[in-house]
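The values are calculated or read from the model by the stated rules, or taken from the named source; none is laboratory data. Because the structure is predicted, anything quoted here is derived from the model rather than measured. Glycine also receives a Cβ, built like all others from the backbone with ideal geometry; neighbour counts cover every protein chain displayed. Just so you know, the surface numbers come from the protein's heavy atoms only, side chains and all, with ligands and any DNA or RNA stripped out. Shrake-Rupley method; radii C 1.70, N 1.55, O 1.52, S 1.80 Å.
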Amino acid sequence: MQWDKVKSILLAILLVVDSFLAWNLSQNFLARSQRDRETFANVKALAGQEGVTFAPGFSIPAGGSLPALEAERSIRAEEQAAAALLGEDPLREENEDGATRYANASGENIRFSRDGSIVARLKIDRMPQGRSDAVRLAEQRFAGFPMHGGLLQATDESAVRLTAEIAGVPLFDRELVIRFEDGWANVSGRWTLELPYTTTGASIYYDGADALLTYAYQAEADTVIYDMALGYRLGEENAGRIPLVVCWRIVTARGDEFLDTSKMTILQGENS
């Protein structure tokens, strides 16, 4: 009987503790939600003074900590990628602009530029029948190519886009578009054959509200913001190295714009 009483007391204590923790968590959640609403109201008011408004349903995304990253050009990786797509021992040609072109006897070729741009023309044995088949055909044709866990998505029945994240966020302009036309796969875009590496040990926190205000002070009047996301863009190549620039992608009615977090300036997207 004594032990039963002890167990009852312990259970009662656990129930009280659990109830207190649940109440505390709910209070923290409510307080955080209230802070988020107040922050958005303040940002909305300040941005409105600059002629910038927000689409219904928009909310400020959570910030994030990201490391400084850099990608390096690798001739060995280019040779391996060329062999995977063209077969062993393709003909190699060095161009004056630093680009390298590989070709085989079948007329297939691939060109790697210093800034990570890739252009290729590859034979296919059939045309895809629908979006799902286009993805399967791209998977088969790009077997052995360093996708780094990338995602292939069909944009229509004859085109597929390859994209991949880095450090858990998008690398916005690292993508390859594969278009199937008349027995060929025509490839274009930018890609990093080697995985980017960190250049410093520390990560930096990037705040969404701060980014919105910085953007609003530079944006055109009557801009409507639909969405925003934190990620990277490929920077300018220097001595075979390409820095990854941390930026916020701002989705507006005019297209995508990017806020460079290091220069605090707006960069235009390709579809703007």
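A few notes on this one:
- Of the residues screened, Val245 is one that is under 14 Å from the mean Cα position of the chain (by Cα), modelled with pLDDT of 90 or more and open to solvent by less than 50 Å² (accessible area, probe 1.4 Å).
- Restricting segment 158-189 to residues that are charged (D, E, K, R) and within 26 Å of Leu66 (Cβ to Cβ), the residue that is least open to solvent (accessible area, probe 1.4 Å) is Arg174.
- Test result for Gly149, touching a strand residue (DSSP E or B) at 6+ places or on another chain (Cβ under 8 Å), surrounded by fewer than 16 Cβ atoms within 10 Å (Cβ to Cβ), assigned to a loop (DSSP other than H, G, I, E, B) and not aromatic (Phe, Trp, Tyr): yes
- Among the residues of segment 47-95, the ones that are farther than 30 Å from Ser106 by Cβ, among the aliphatic types (A, V, I, L, M), within 24 Å of the chain's Cα centre (by Cα) and surrounded by 14 or more Cβ atoms within 10 Å (Cβ to Cβ) come to 5 in all.
- Any hit, segment 213-228, residues being touching a Pro at 6+ places or on another chain (Cβ under 8 Å), open to solvent by 50 Å² or more (accessible area, probe 1.4 Å) and of a type in the set (A, V, I, L, M, F, W, C): no
- Only one of the numbered conditions (1) in a strand (DSSP E or B); (2) modelled with pLDDT of 95 or more is not met by Ala84, and that is (1).
- Scanning segment 96-109 for residues that are among the aliphatic types (A, V, I, L, M) and within 31 Å of the chain's Cα centre (by Cα) returns Ala99, Ala103.
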